[in-house]
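Structure record follows, encoded as structure tokens.
The values are calculated or read from the model by the stated rules, or taken from the named source; none is laboratory data. Quantities reported herein were computed from a predicted structural model and do not represent experimental measurements. All Cβ positions, glycine included, derive from the backbone under ideal geometry; neighbour counts span all protein chains shown. Heavy atoms of the whole protein, side chains included, go into the accessibility calculation; ligands, DNA and RNA do not. Shrake-Rupley method; radii C 1.70, N 1.55, O 1.52, S 1.80 Å.
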Amino acid sequence: MDYQEKEVVTKYLEMMDQQREQLFQIVNELEDRLLWQRPTSDQWSIGENLDHLRVINTSTLTLIKITWLFLLPFAKLRYDHPYETEIDNVYKRPGFPLHTGWIWSPKYTPRKPTSLKVLKDNLVKTHQEIRNFFSGKDADYLGHVSLYDPVMGWLNLIKVLRVGIYHDKLHEEQIEAALQRIRL
């Protein structure tokens with residue numbers, strides 16, 4: 001891969017951080033009572049959405065680390081082969097199964113709330129752990145270590161990183177919609 005392709009991991013990590021900062025700018029001045037108010041009885045509060053991001057990112061990072069550990073030797077055999085780094089926003093695909101977040105339920109809820117500062121600190125810490133994992137790793141190895149998702153199929157770790165950023169964006173959109181509903 002050329003230099004520009006190898007820089008895609010850095011680009012994605014910067015995108016992750018910028019997107020998170022934008023998200024917290026949206027909710028920065030939110031009162032605690034609104035943070036935990038559910039827009040409807042079957043939708044998560046803003047706080048639950050934020051904590052869900054921590055939970056799923058932590059879970060995914062664990063899976064990434066295990067996959068890396070076991071499949072890196074095979075990636076070394078394919079080091080000089082091409083790989084893809086781009087993927088469409090899978091959450092926008094027709095028929096993509098949404099509403100599976102209950103599998104990665106948030107720890108904090110309206111019945112067990114916490115402050116916006118704790119939610120932010122936790123997500124920043126989780127994203128830093130993701131950054132720590134990906135930073136300094138050769139993109140040619142990351143591009144050849146893949147894991148299987150029953151809905152999306154085989155994804156190399158670079159694509160997994162990108163899908164995670166799409167997932168965070170999905171919840172940013174849900175938080176913006178929730179803000180509109182609870183501020184009415």
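The alpha carbons of segment 90-167 stretch over 43, 36, 17 Å along the principal axes, in descending order.
Secondary-structure-derived ellipticity at 222 nm for the chain, considering helices only, amounts to -19500 deg cm²/dmol, per-run term -39500 (n - 2.57) for DSSP H runs with n ≥ 4. Taking trypsin sites (Lys or Arg not before Pro) as exposed when DSSP calls them loop and at most 16 other C-beta atoms lie within 10 angstrom, the chain has its longest site-free stretch at 1-77.
Just Ser59, Ser41, Ser146 to compare: in a GNM of the chain, with alpha carbon springs under 10 Å, which one fluctuates most? Judging by the Gaussian network model, the answer is Ser41. Using alpha-carbon positions, what is the distance between the centroids of segment 38-76 and segment 106-124, in Å? Measuring centre to centre over Cα atoms gives 16 Å. Students often get this wrong: which residues of segment 143-169 have the backbone nitrogen under 18 Å from the point 7 angstrom along Cα-to-C-beta of Glu84? Answer for segment 143-169: 143-167. Only protein atoms count toward the accessible area here, which uses a 1.4 Å probe; on the chain, the carbon and sulfur part of that area reaches 53 percent. Ordered from longest to shortest, the equivalent ellipsoid semi-axes for the chain are 32, 16, 15 Å, each the square root of 5 times a Cα gyration tensor eigenvalue.
Look at the alpha carbon pairs under 8 Å that are at least 6 residues apart: their mean separation over the length of segment 74-181 gives a relative contact order of 40 percent. Each of Val90, Ile56, His144 was placed along the dipole of the chain (beta-carbon charges, centred on the mean Cα), and the one lying farthest toward the positive end is Ile56. Taken per residue, the accessible surface of segment 80-142 reaches 63 Å², heavy atoms only and a 1.4 Å probe. Rounded to two decimals, what is Rg over Rh for segment 23-102 when you use alpha-carbon atoms and the Kirkwood radius? Ratio of gyration radius to Kirkwood radius: 1.12.
For the residue pairs Lys107/Lys159; Lys76/Lys125; Lys11/Lys120; Lys11/Lys107, the C-alpha atoms sit more than 25 angstrom apart in Lys107/Lys159; Lys76/Lys125; Lys11/Lys107. One equal scatterer on each Cα of segment 136-184, no solvent, Debye formula: the resulting log10 I(q)/I(0) at q = 0.24, 0.31 Å⁻¹ is -0.85, -1.06.
Of the GluC sites (Glu not before Pro) found in segment 43-120, the ones in coil according to DSSP and having at most 14 other Cβ atoms within 10 Å of their Cβ are Glu84, Glu86.
Extension gain, Thr58 to Lys137, is 26.5 nm, computed as 0.36 nm per intervening residue step minus the present C-alpha separation.
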